[in-house]
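> Starting off with a structure, shown below.
Coordinate-derived values only; no laboratory data. Quantities reported herein were computed from a predicted structural model and do not represent experimental measurements. Counting neighbours? That spans all protein chains shown, and the Cβs are built from the backbone with ideal geometry, glycine included.
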Amino acid sequence: MNDSPARTDALVLDVWCELQCSDCRSALDDLRALRARYGDRLELRLRHFPLEKHKHAFAAAQAAEEALEQGKGWEYVEAVLGRVEELDREGEPFLVEVAGELGLDAEEFDTALVDGRHILIVDADQAEGKAIGVTGTPTYVIGGERLDGGKSQEGLRERVAEIADRLLAEQE
């Protein structure tokens, strides 16, 4: 997920994420640092991998897609991840509430969650994730290399940066 038009020369970092996952919340600092370091040379693309153990994760993934459609995808993702405990307790009403807080059309969010207009995107991401060996979140894929952050975040930002630096140097 990226809120700006895709650049053809930007390097893509797929971030397999789940919005009810505390490890994904911990990964936000790394993602912010990577965004600051690379700017528009690195496109962070949210990929959905809702885990069965989190009962609101599938709805949250759909809500993130609605936020993308309304122009505030990453802002919404960060807001929800920052309040995982509230999502655990309140479920879908919380997802709609966050949309309203961010100035998004909360009524449209509610409708999107009911009509399931984003289910196919979430299902496709999850199927692709399983096909490439994603088992937990966060997991990153950059330059064809998969890095599993669900086991440990230790050293992942540096590893992503190493790969990004190498691939960007090859583009020059």
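> Testing the spin-label approximation: label points 7 Å from Cα along Cα→Cβ at T135 and R35. State their distance in nm.
That separation, rounded to one decimal, is 3.0 nm.
> Under a plain spin-label model, where a point goes 7 Å from the Cα along Cα-to-Cβ, how far apart in nm are E52 and E172?
4.8
> Rounded to the nearest 10 degrees, what's the angle between the helix 22-38 long axis and the longest principal axis of the chain, both from Cα atoms, 0 to 90?
Helix 22-38 sits at roughly 50 degrees to that axis.
> Lys/Arg Cβ at +1, Asp/Glu Cβ at -1, dipole of the chain taken about the Cα centre: which of A36, L120, V160 is farthest positive-ward?
V160
> Highest mean first, what order results for 72-83, 26-37 on Cβ atoms within 10 Å?
72-83, 26-37
> Right, another one. What's the magnitude of the charge dipole for segment 1-156 around its Cα centre, counting Lys and Arg as +1 and Asp and Glu as -1 at the beta-carbon? Answer in Debye, nearest 20.
Here segment 1-156 has a charge dipole of around 680 debye.
> If you count, for each residue, the other Cβ atoms within 10 Å and average over each peptide, how do 132-143, 153-164, 56-67 line up from highest to lowest?
56-67, 132-143, 153-164
> Another question, then. Radius of gyration and Dmax for segment 1-143's Cα atoms, expressed in Å?
Rg, Dmax (Cα atoms, Å): 14.2, 42.
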